[in-house]
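Enquirer: First the structure, then my questions, so here it is.
The values are calculated or read from the model by the stated rules, or taken from the named source; none is laboratory data. What you are looking at is a predicted structure, and each value in this text was computed from that prediction instead of being measured. Glycine gets a Cβ as well: all are built from the backbone with ideal geometry, and neighbour counts include every protein chain shown.
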Amino acid sequence: MPGIVIIGVQWGDEGKGKATDLLGDRTDWVVKFNGGNNAGHTVVIGDEKYALHLLPSGILSPGVTPVIGNGVVVDPEVLFAELEALRARGVDTSKLRVSANAHLITQYHRTLDKVTERFLGKRQIGTTGRGIGPAYADKINRVGIRVQDLFDENILRQKVEGALDQKNHLLVKVFNRRAITVDEIVDELLSYAARLAPLVDDTGLLLSDALDAGDVVVFEGGQATMLDVDHGTYPFVTSSSATAGGASTGSGIGPNRLDRIVGIVKAYTTRVGAGPFPTELFDDDGDTLRSRGFEFGTTTGRPRRVGWYDAPITRYATRINGITDLVLTKLDILSGFDRIPVCVAYDVGGRRFDEVPVNQTDFHHATPVYEYFPGWKQDISGARHFDDLPTRAQEYVLALERMSGTRISVIGVGPARDAVVVRHDLLD
Ligand code: IMP
């Protein structure tokens, strides 16, 4: 059962690291299949802390081959900065493979991301400003630059000319910025070619061969279900397929190779950036969750919006992704509350919705229908078996499981790597 997808259930930052840690040295490959350096994960190994944005977390595990799949958008400046920072700390990065079909983020994507957001004013998405949306827009618009284009200067020049043609009109006439020259982009991109060449591969073929050989391949999703460009809270989403289907299209292997779909869900909810969030809290409880859970963005440092657990969202994610196992993270952050509200349905202008409404206007106006669960006071960070948890914490978890439509296989009870209760092995 070697193909395992790990995806976020809510709006990101659910703590996917817990699941990757659990698979640990049983993993042979870790594939990033969507997004770019908009993601952010902090990995702590021993006393060392590593903040990664673009590279897959597998880069830190000696036995693992990390892969950047075709569905990723790669900013080469960030790629080499992260690689060099790791090498300087003695990490062997030589195994990294990068898809020849991945698209590149260039200076004009970063510029357009920022000016477009400014232009949107009140309607802004709150992007990370890393050029993600404009790079994916070029890909779909068929004017993107791919990794393989760096190795044919003639083609590269033609493609950059094509890409800049309309953009310069936009930059100069609409956004009042300077025009970008073909030469500056081509020169910058070519400056990466020699360093990139040894990393580039037909990663779809590599992964297919690895799966045939029985290797364990982990497909690590960036962002999360509610930020997916098709299934999230559009337009307040990222521009890639962050759901399980993206693992197939974004890495070039067939959907029948994905044997387990692991959804990571926090015991409460957070969101960065704009867009609807029915259970959002603006009171003391919200401040408590934010400070206890240390809910500040890894990429941007922004304080995250916080709210109670939303059961219809998990049920929706289970359906959209085909989740086989849930990892419930940060249960310990809820210790100490007298009662814990859980959103079980929505009220939209007097009408009850038991599922996430398909119509965005309804979701924007949705207010939560809460069921209240009695809280527990004990510190649960030492629990390693389900029975070690206070009865009320067990009841909370079992209620979430009943509402989710799938099983909760792992429960995160503290920040330490081994602070987990495993009910079902993710590789079983
Ligand atoms: P973009 O991905 O930079 O275009 O931003 C689009 C939306 O996705 C914004 O609301 C971001 O805050 C959000 N977003 C992007 N990456 C992440 C992430 O890794 N965690 C949480 N939110 C994210």
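Enquirer: Looking for something under 19 Å from the mean Cα position of the chain (by Cα) and within 16 Å of the ligand (Cβ to nearest atom) - is there at least one such residue anywhere in the stretch 352-360? First the steps, then the outcome.
Expert: Of all residues in the stretch 352-360, those under 19 Å from the mean Cα position of the chain (by Cα) come to none.
Looking through the stretch 352-360, none of the residues is under 19 Å from the mean Cα position of the chain (by Cα) and within 16 Å of the ligand (Cβ to nearest atom).
Enquirer: Counting only residues that are part of a loop (DSSP other than H, G, I, E, B), on the phi < 0 side of the Ramachandran plot and away from the ligand (no atom under 14 Å from the Cβ), how many does the stretch 294-315 have?
Expert: So the first thing to find is which residues in the stretch 294-315 are part of a loop (DSSP other than H, G, I, E, B), and the list is 294-295, 297-302, 304, 308.
Remaining after also requiring on the phi < 0 side of the Ramachandran plot: 295, 297-300, 302, 304, 308.
Next, from what is left, pick out any that are away from the ligand (no atom under 14 Å from the Cβ): 308.
So the answer is 1.
Enquirer: Do you know which residues across the stretch 179-223 are crowded, with 16+ Cβ neighbours inside 10 Å, free of Cβ contacts under 8 Å to residues at least 60 places away in the same chain and either among the small types (Gly, Ala, Ser) or not assigned by TED's automatic domain parsing to the domain that holds Ala135 (or both)?
Expert: Passing the criteria: Ala193, Ser208.
Enquirer: Check Gly375, Gly301, Gly350 and return the single one that is surrounded by fewer than 16 Cβ atoms within 10 Å (Cβ to Cβ), among the small types (Gly, Ala, Ser) and over 28 Å from Gln223 (Cβ atoms). Before the answer, list the steps.
Expert: Numbers: Gly375 fails: surrounded by fewer than 16 Cβ atoms within 10 Å (Cβ to Cβ); Gly301 fails: over 28 Å from Gln223 (Cβ atoms).
Result of the check over Gly375, Gly301, Gly350: Gly350.
Enquirer: Okay, moving on. Identify, please: which residue in the stretch 235-272 is away from the ligand (no atom under 16 Å from the Cβ) and of a type in the set (Lys, Arg) and is, among those, nearest to the chain's Cα centre (by Cα)?
Expert: Applying the first criterion (away from the ligand (no atom under 16 Å from the Cβ)) to the stretch 235-272 yields 244-245, 247-249, 251-262, 267.
This time we only want the ones that are of a type in the set (Lys, Arg), so: 257, 260.
Numbers: Arg257: 21, Arg260: 18 Å.
By that ranking, first place goes to Arg260.
Enquirer: Sticking with this one: From the list Asn168, Asn176, Asn256, which residue is part of a loop (DSSP other than H, G, I, E, B), free of Cβ contacts under 8 Å to residues at least 60 places away in the same chain and not basic (Lys, Arg)?
Expert: Asn176 is the lone residue from the list that is part of a loop (DSSP other than H, G, I, E, B), free of Cβ contacts under 8 Å to residues at least 60 places away in the same chain and not basic (Lys, Arg).
Enquirer: Would you say Leu389 is surrounded by 14 or more Cβ atoms within 10 Å (Cβ to Cβ), in contact with a strand residue (DSSP E or B) (Cβ under 8 Å, 6 or more places away or on another chain) and not assigned by TED's automatic domain parsing to the domain that holds Pro276?
Expert: Numbers: surrounded by 14 or more Cβ atoms within 10 Å (Cβ to Cβ): yes; in contact with a strand residue (DSSP E or B) (Cβ under 8 Å, 6 or more places away or on another chain): yes; not assigned by TED's automatic domain parsing to the domain that holds Pro276: no.
Here the answer is no, as Leu389 does not meet what is asked.
Enquirer: Ok, one more. Tally time: how many residues in the stretch 273-288 are aromatic (Phe, Trp, Tyr) and more than 16 Å from the ligand (Cβ to nearest atom)? Even if it seems obvious, please write down each step before you answer.
Expert: Within the stretch 273-288, the first condition is being aromatic (Phe, Trp, Tyr), and the residues that meet it are 277, 282.
From the residues that got through so far, the ones that are more than 16 Å from the ligand (Cβ to nearest atom) too are 282.
So the count comes out to 1.
Enquirer: Glu117 is checked against (1) assigned by TED's automatic domain parsing to the domain that holds Val143; (2) surrounded by fewer than 16 Cβ atoms within 10 Å (Cβ to Cβ) and fails just one. What number does that condition carry?
Expert: Failing condition for Glu117: (2).
Enquirer: For residues that are within 26 Å of Thr233 (Cα to Cα) and in a strand (DSSP E or B), tally how many sit in the stretch 316-343.
Expert: 9
Enquirer: Take the conditions within 11 Å of the ligand (Cβ to nearest atom) and not in a helix (DSSP H, G or I) and apply them to Gly144. Does it pass?
Expert: Answer is no for this residue.
Enquirer: Which of the following residues is surrounded by fewer than 18 Cβ atoms within 10 Å (Cβ to Cβ) and outside the structural domain of Pro62 (by TED's automatic domain parsing): Val147, Val98, Val160, Val172?
Expert: Answer to the check: Val172.
Enquirer: Test Ala345 against the stated conditions and say whether it is under 18 Å from Gly307 (Cβ atoms), touching a strand residue (DSSP E or B) at 6+ places or on another chain (Cβ under 9 Å) and among the hydrophobic types (A, V, I, L, M, F, W, C).
Expert: yes
Enquirer: Mind listing whichever residues of the stretch 228-253 are in a loop (DSSP other than H, G, I, E, B) and of a type outside the set (Gly, Ala, Ser)? Write out each step before concluding.
Expert: Step one: of the stretch 228-253, the residues in a loop (DSSP other than H, G, I, E, B) are 228-244, 250-253.
Hits for the stretch 228-253 are Asp228, Val229, Asp230, His231, Thr233, Tyr234, Pro235, Phe236, Val237, Thr238, Thr243, Ile253.
Enquirer: Out of Val30, Val9, Val44, report the one residue that is within 14 Å of the ligand (Cβ to nearest atom), out of contact with any His (no Cβ under 9 Å at 6 or more places or on another chain) and touching a residue at least 24 places away in the same chain (Cβ under 8 Å). I'd like the intermediate steps shown before the answer.
Expert: Working: Val30 fails: within 14 Å of the ligand (Cβ to nearest atom); Val44 fails: within 14 Å of the ligand (Cβ to nearest atom).
Going through Val30, Val9, Val44 in turn, just one is within 14 Å of the ligand (Cβ to nearest atom), out of contact with any His (no Cβ under 9 Å at 6 or more places or on another chain) and touching a residue at least 24 places away in the same chain (Cβ under 8 Å): Val9.
Enquirer: Further, regarding this structure: Take Val327 and tell me if it is crowded, with 16+ Cβ neighbours inside 10 Å and closer than 19 Å to Val420 by Cβ. Break it down stepwise before answering.
Expert: Working: crowded, with 16+ Cβ neighbours inside 10 Å: yes; closer than 19 Å to Val420 by Cβ: yes.
So Val327 fits the description; yes.
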